[in-house]
Amino acid sequence: MNAAIPLWITHPACSQHEMGAGHPESIARLHAIQDRMNASGLLPMFRTVTAPLAPREALVRVHDARLVDGILATRPAQGLVRIDPDTALNAHSAEAAQAAAGAVIHGVDEVLAGNTRFAFCAVRPPGHHAERRRAMGFCLFNSVAVGAAHALACGLKRVAVLDFDVHYGNGTSDIFRDDPRVLVCNTYQDPYYPGWVSDPENRHLVDAPLRAGDGSAEFRTAVEAHWAPAIAAFKPELILVSAGFDAHGEDPLAGLNLGFADYAWMGERVHTWADEHASGRIVATLEGGYDLFALARSVEAFVRAVAFR
């Protein structure tokens, strides 16, 4: 198999999960991304596969068994079951969350086998807010954490998770706060949801907070000052990306001012770090991004820079 061909992983259930009329984390997000990737001519350059469902044993590596079993059992025949004011499940949500986690597992397996160097998981619901014992913030299972734990179970010693969503990936940091095999790097708007309080003594949680109104210069400076030296010192064997695009200036849910060029720049940096330390191995999974135009073109910019540099 040609490892130069990137991998696009998705699942039909991810387009059936809904949390109510008008909810920003909607089916339209995946449709906008798919349409843009086709229109740009990029998607035909990927090998597209359907994600497997993550097995229960992979989910309980990072989540309390009661949380996992509760979500898997919640399949309402009609209507919604609400977890918090922002997060709900319909009849397809449990399968979608299982598929989102399974997509990252499959991406990890493919890059470790040498079948590709880059996998993008076009899945929803997002995952990075889901903590070990709590689903929250549009998230049910923490897909990127499931993938990181799977990589460690496959024998890797050092895995990096890079999260550039506008909201702090509290779930990922909660899950790996005591596991120095996983380097977790975040940029995020602060103060903002979910109100994470940084722990400067924890050397493998690398936080680069930004303020409302910050844009390209502040973002790139923070990444180079905080992430780059940590990644160089850690030397990850695999890079996982929580790819949230809601720091874009047009996004309605936050107040940062990134543009398409910043997501291309981030893709280039991820590509470079992976080449330097991780044998080129990258798996990215979709997190936030709620302005459909900005989301679709930000994804295009990022994946073009990673996969076709």
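Bear in mind that the values in this text are calculations on the coordinates, not laboratory data. Keep in mind that this is a model prediction, so the values were computed, not measured. Using ideal geometry, Cβ is built from the backbone for each residue, glycine included, and neighbour counts are taken over all protein chains shown.
Show me the ranking of peptides 290-296, 166-172 by mean Cβ neighbours inside 10 Å, starting with the highest.
Final packing ranking: 166-172, 290-296.
Quick check: convex hull over the Cα atoms of region 48-119, volume per residue in Å³, rounded to an integer?
112 Å³
Explain nothing, just the number: dipole magnitude of the chain about its Cα centre with +1 on each Lys and Arg Cβ and -1 on each Asp and Glu Cβ, in debye rounded to the nearest 20.
The calculated dipole for the chain is roughly 760 debye.
Grab the DSSP H runs of the chain that are 4 residues or longer, score each as -39,500 (n - 2.57), total them, divide by all residues and round the 222 nm result to the nearest 500 deg cm²/dmol.
It lands at -11000 deg cm²/dmol.
Quick check for me: using +1 on Lys/Arg Cβ and -1 on Asp/Glu Cβ, what's the dipole size of region 78-127 about its Cα centre, in debye to the nearest 20?
With Lys and Arg at +1 and Asp and Glu at -1, about 80 debye.
Looking only at Cα atoms, what is the convex hull volume of region 246-309 per residue, in Å³?
Considering the Cα atoms of region 246-309, their hull volume per residue is 76 Å³.
Quick one: what do you get for the chain if you divide its Cα Rg by 2.2 N^0.38 Å?
0.89
Find the Rg to Rh ratio for region 1-116, where Rh is the Kirkwood radius over alpha-carbon pairs and Rg uses the same atoms.
A ratio of 1.02.
Going by how many other Cβ atoms sit within 10 Å of their own, how do Phe234, Phe260, Phe302, Phe141 line up, fewest first?
So the ranking, lowest neighbour count to highest, is Phe260, Phe234, Phe302, Phe141.
Just the number, please: percent antiparallel of the DSSP beta bridges in the chain, rounded to the nearest 5.
Approximately 10 percent, going by the DSSP bridge assignments.
Name the most mobile residue of Thr272, Thr116, Thr187, meaning the one with the largest mean-square fluctuation, in a Gaussian network model of the chain with Cα contacts below 10 Å.
Thr272
Nearest-5 percent of antiparallel DSSP beta bridges in region 122-278?
In region 122-278, DSSP labels about 5 percent of beta bridges as antiparallel.
Cα atoms only: what Rg and Dmax, in Å, come out for region 193-270?
Expressed in Å, the Cα Rg and Dmax of region 193-270 come to 13.2, 36.
Quick check: pseudo-label points 7 Å beyond the Cα along Cα→Cβ at Asp178 and Asp69, how many nm apart are they?
Spacing of the two 7 Å Cα→Cβ label points: 2.2 nm.
Express in whole angstrom the spacing between the alpha-carbon centres of region 1-44 and region 214-240.
Measuring centre to centre over Cα atoms gives 27 Å.
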